[in-house]
1. For residues that are open to solvent by 70 Å² or more (accessible area, probe 1.4 Å) and in a loop (DSSP other than H, G, I, E, B), scanning just the stretch 4-22, find the one that is modelled with the highest pLDDT.
2. Sort out which residues of the stretch 27-40 are of a type outside the set (Ser, Thr, Tyr) and open to solvent by 10 Å² or more (accessible area, probe 1.4 Å), and write them in order of number.
3. Being among the β-branched types (Val, Ile, Thr) and out of contact with any helix residue (DSSP H, G or I) (no Cβ under 8 Å at 6 or more places or on another chain) is the filter here; which residues of the stretch 163-201 pass it?
4. All but one of (1) surrounded by fewer than 23 Cβ atoms within 10 Å (Cβ to Cβ); (2) touching a Pro at 6+ places or on another chain (Cβ under 8 Å); (3) at pLDDT 95 or above; (4) within 29 Å of PRO130 (Cα to Cα) hold for TRP55, so report the exception by its number.
5. Which pairs turn up if I take residues in the stretch 68-91 that are among the charged types (D, E, K, R) and look for partners that are modelled with pLDDT under 95 and open to solvent by less than 10 Å² (accessible area, probe 1.4 Å) with beta carbon separation below 9 Å, at least 6 apart in sequence or on another chain?
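The values are calculated or read from the model by the stated rules, or taken from the named source; none is laboratory data. Here the structure is a predicted model, which means the values were calculated and not measured. Reconstructed Cβ throughout: ideal geometry from the backbone, glycine too, with neighbour counts over all protein chains shown. Remember, those area values only see protein heavy atoms, side chains included, never the ligands or the DNA or RNA. Shrake-Rupley method; radii C 1.70, N 1.55, O 1.52, S 1.80 Å.
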Amino acid sequence: MKVPTPTVIICPGNGCSNIRQSNWYGKIYDILTDKNIPCICRDFPDPLHARRDRWVPFIRSVAEEASPDDPSNVILVGHSSGAQAALRYTELYPVHGAVLGAVLVSATYSDLGDAHERMSGYYPQGETNPYLFQDMLTNCKQDCWYQFHSDDDPFIPLYEAEKIRNGLGLTATYNMLPNRSHFFDYFDELETVIDVLLAKD
């Protein structure tokens with residue numbers, strides 16, 4: 001029996017109270033649904049603070065709703081705070097079924113000294129709250145992680161993205177695209193990597 005096409009879940013950055021109208025989320029949703037690819041582009045709870053203890057369980061509930069028989073049959077596409085949520089989600093849950101997939105856009109390693117970001121609960125604090133990269137790679141195979149960052153991101157220096165890259169051991173699937181800022185605008189490369197992940201079905 002053919003495994004159902006994986007559902008793409010868009011995990012937005014914080015501050016997005018209308019996800020369909022924010023950044024590129026609505027556009028990639030339209031592109032995927034026009035191709036009959038299941039996609040969920042839904043407002044997240046606690047949009048301003050994007051707290052880990054709200055967002056990670058919410059992603060799980062969305063995955064269970066999308067694929068009750070196999071909640072792991074999803075591809076996570078996370079931007080900014082949504083990328084942090086995707087990272088922490090994969091520490092707990094296997095993102096695999098027919099397809100393994102996680103796409104990180106503008107991810108950061110640390111809270112960069114920002115108290116608001118620190119309160120979200122995603123970031124390591126000294127020896128506490130470390131990233132469990134090996135668990136992430138156990139639950140989502142290394143060649144099914146994609147990462148995008150830009151050299152002129154005004155919020156997240158390139159070295160922060162490189163720490164995530166190094167933690168996951170990414171090489172060919174790490175993409176540094178110059179002059180893209182914080183990836184507020186749609187970029188064609190996103191559709192391309194989603195298509196690559198879907199082709200692994």
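1. ASN18
2. LYS27, ASP30, ILE31, ASP34, LYS35, ASN36, ILE37, PRO38, CYS39, ILE40
3. Within the stretch 163-201, THR171, THR192, VAL193, VAL196 meet the criteria.
4. It fails just one condition, (1).
5. From residues that are among the charged types (D, E, K, R), the pairs are ARG88/MET136; GLU91/MET136.
Let's see how each residue does on (1) β-branched (Val, Ile, Thr); (2) part of a loop (DSSP other than H, G, I, E, B); (3) modelled with pLDDT of 90 or more; (4) open to solvent by 10 Å² or more (accessible area, probe 1.4 Å):
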{"site": "ASP46", "(1), (2), (3), (4)": "no, yes, yes, yes"}
{"site": "ASP69", "(1), (2), (3), (4)": "no, yes, no, yes"}
{"site": "ALA86", "(1), (2), (3), (4)": "no, no, yes, no"}
{"site": "GLU91", "(1), (2), (3), (4)": "no, no, yes, yes"}
{"site": "VAL95", "(1), (2), (3), (4)": "yes, yes, no, no"}
{"site": "ALA98", "(1), (2), (3), (4)": "no, yes, no, yes"}
